[in-house]
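Note sheet for the following structure.
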Amino acid sequence: MLAMEYRGPKRVRAVQKPMPEMKHPQDAIVRVLRTCICGSDLHLYNGNVPDTRVGSTFGHEFVGEVVEVGSEVTKVKTGDRVLVPFNIACGECHFCRQGMFGNCHESNTEATAVGAIFGYSHTAGGFDGGQAEYARVPYANVGPTVIPADMDLDDAVLLTDVVPTGYQAAEMAGIQTGDTVVVFGAGPIGIMAARCAWLFGAGRVIIIDQEDYRLEFARNYSYCEAYNFKEMNDPVVFIKKITDWMGADCVIDAVGAEAAGNTMQTITGRKLLLQAGSATALHWAINSVKKGGVVSIVGVYGPTDNLVPIGNVLNKGLTIRANQASVKRLLPRLIDHVQNGIINPKGLITHRLPLEEVADGYRMFSAKLDNCIKTVLLPPTANQ
């Protein structure tokens, strides 16, 4: 089958790989119909995530058709079209029973902090992802969710990560009616978080980024204010100034490990890898939120250490909430929102490429070329 293969930092290609095989009676094999390049895939692509091994296939956002199921699979059947959450979750452990599917205690034998994730290094379990013609899906009674017959596949594929992560970012921010919400990062997750902030009652939503085309997209898609931090002397002072010197009620870090804007953070976190990525956006979030405010973190940071102003967290009395999105918990509500026109996921898609051009897709997204916001990859099997 055709699949994306990682060959080292900034080197990916489409190659022929063996078909995935069933390894457990609760497995399913899915013929991939849509798959995406995620902003967090760029952390892998750029070499920022430990134990990202040559030969790996990325891709934690995909939908497809079930072509084979194990003997213990009862929730899906051959021929079902399913969306596959990026979390791999057993559904039965202590954390899954609490709805914390991103923190499954059984699926990832390689780490104790994070549950398993499709196509996201061996620190997240070492499972191949969905940037391929076919993918093996463990725990098929838990993750795969049948796509409603009237739902566009382009909407469905963004329900595997982008929409739930953006929604949970707003949910974790504890937004109260009339709150001012600041989102750092105008990638797909940040744009979705800004859009979802309104659903929780925000009175004002502000997004900060350094790319004008992304800021313009955010204004139109998320109906928010959008500002370029390169035009500010200090983003923290700017936010305080436009919030009567109080700070924002809630701040969302939707950037993570590859944040720009601070030379020291960039050198130590992105160049020398002395810390788990550049924590610039997290510094700005902590320092620009009001006293007693909430910082919500969905931007990805690699294990294990970052230079973070924890003293300011204490002295300002902040609440920090962070997690991988629990996609399975959120899906019923989000499917309903999509069907009722409250959220328009496919409106984020700017580029569609055949899987054969995956290398060009990564280069374009990483270099922010051609006003790229979100790319969907179409495997050859999508046309069968």
Problem - Residue list for the range 57-83, restricted to those being free of Cβ contacts under 8 Å to residues at least 12 places away in the same chain and buried (at least 24 other Cβ atoms within 10 Å of the Cβ) - result: none
Fill in the blank from the handout: Taking the range 282-305 and the residues there that are at pLDDT below 95 and either open to solvent by 50 Å² or more (accessible area, probe 1.4 Å) or not in a loop (DSSP other than H, G, I, E, B) (or both), the one that is nearest to GLY190 (Cα to Cα) would be TYR301
Fill in the blank from the handout: When restricted to VAL73, VAL63, VAL67, VAL30, the only residue within 19 Å of the chain's Cα centre (by Cα) and among the hydrophobic types (A, V, I, L, M, F, W, C) is VAL63
Completion exercise
Picked from the range 247-277 (must be part of a strand (DSSP E or B) and at pLDDT 90 or above), the residue farthest from PHE200 (Cα to Cα) is ASP253
Exercise for the section: Inspect the range 339-347 for any residue being basic (Lys, Arg) and within 25 Å of ARG219 (Cα to Cα) and give the result as yes or no. Expected result: yes
Practice task
Within the range 262-289, work out how many residues are touching a Lys or Arg at 6+ places or on another chain (Cβ under 8 Å) and closer than 18 Å to GLY39 by Cβ.
Solution key: 2
Practice task
Name the residue, out of ILE349, ILE342, ILE320, that is open to solvent by 60 Å² or more (accessible area, probe 1.4 Å) and within 19 Å of VAL157 (Cβ to Cβ).
Solution key: ILE342
Fill in the blank from the handout: By residue number, the members of the range 1-30 that are in contact with a Ser or Thr (Cβ under 8 Å, 6 or more places away or on another chain), open to solvent by 20 Å² or more (accessible area, probe 1.4 Å) and part of a strand (DSSP E or B) are GLU5
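Filter the range 105-126 for residues that are within 22 Å of LEU33 (Cβ to Cβ) and either surrounded by fewer than 23 Cβ atoms within 10 Å (Cβ to Cβ) or among the aliphatic types (A, V, I, L, M) (or both) and give the result. Quick ask: steps written out before the conclusion?
Let us first name the residues in the range 105-126 that are within 22 Å of LEU33 (Cβ to Cβ), namely 117-120.
Scanning the range 105-126 gives a single hit, ILE117.
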Handout entry: Within the range 160-229, helices (runs of 4 or more DSSP H) holding 3 or more residues that are free of Cβ contacts under 8 Å to residues at least 24 places away in the same chain and surrounded by fewer than 22 Cβ atoms within 10 Å (Cβ to Cβ)
Key = 212-222
Handout entry: Qualifying positions in the range 131-155 - part of a loop (DSSP other than H, G, I, E, B), in contact (Cβ under 8 Å) with a residue 12 or more places away in the chain, out of contact with any helix residue (DSSP H, G or I) (no Cβ under 8 Å at 6 or more places or on another chain) and farther than 15 Å from GLU92 by Cα
Key = PRO144
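The values are calculated or read from the model by the stated rules, or taken from the named source; none is laboratory data. This is a predicted model, so every value here is computed, not measured. Note: ideal-geometry Cβ built from the backbone for every residue, glycine included; neighbour counts use all protein chains shown. Surface accessibility is based on the protein's heavy atoms, side chains included, excluding ligands, DNA and RNA. Shrake-Rupley method; radii C 1.70, N 1.55, O 1.52, S 1.80 Å.
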